1. Can residue 3 be described as in a strand (DSSP E or B) and at pLDDT below 90?
2. Applying the selection to the stretch 57-94, what residues are touching a helix residue (DSSP H, G or I) at 6+ places or on another chain (Cβ under 9 Å) and among the β-branched types (Val, Ile, Thr)?
3. In this structure, is residue 56 crowded, with 18+ Cβ neighbours inside 10 Å and modelled with pLDDT under 95?
4. Just need a number here: residues in the stretch 42-58 that are at negative phi, among the small types (Gly, Ala, Ser) and part of a loop (DSSP other than H, G, I, E, B).
5. Which one is farthest from residue 27 (Cα to Cα) among residues in the stretch 51-94 that are basic (Lys, Arg) and more than 11 Å from the chain's Cα centre (by Cα)?
6. Mind counting the residues in the stretch 59-94 that are assigned to a loop (DSSP other than H, G, I, E, B) and at pLDDT 90 or above?
7. Six or more apart or on different chains, Cβ under 9 Å: which pairs go from a residue in the stretch 19-33 that's loosely packed, with under 15 Cβ neighbours inside 10 Å and aliphatic (A, V, I, L, M) to one that's modelled with pLDDT of 90 or more and assigned to a loop (DSSP other than H, G, I, E, B)? Could you list them?
Amino acid sequence: MLIVTCAIITQHGKILICQRSSAMHLLLKWEFPGGKVELGGDKLIPFVARVAGGELRLEEHTDARWITVDELGLYDWAPADLPIAEQVKAVDIW
């Protein structure tokens with residue numbers, strides 16, 4: 001079993017989401033940033049992090065947005081990230 005991680009990165013009450021580029025599998029789907037998903041990956045483990053400093057630089061994704069928890073349902077999520085988005089909406093810590 002391959003375990004894959006993602007980060008729920010928060011800043012000023014918003015959460016970072018990234019859009020997969022056209023060069024990636026599941027192109028233009030939205031996801032939480034994380035490690036590379038290898039073929040056969042079957043478990044996504046989320047970690048919560050807060051921005052301590054620096055600037056966002058996209059290397060593989062086509063777009064990134066800071067959104068509120070209420071906006072999570074407005075995006076076309078990659079299948080592995082959809083249950084994580086639902087869990088994030090259910091937790092009242094943001």
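The values are calculated or read from the model by the stated rules, or taken from the named source; none is laboratory data. What you see is a predicted model, and the numbers here were worked out from it, not measured in a lab. Note that each Cβ is placed from the backbone with ideal geometry, even for glycine, and that neighbours are counted across all protein chains shown.
1. In short, yes.
2. Result: 67, 69, 88, 91.
3. Judged against the criteria, residue 56 is not a match.
4. The total comes to 1.
5. Selected residue: 89.
6. So the count comes out to 6.
7. 27/21; 28/21; 28/76
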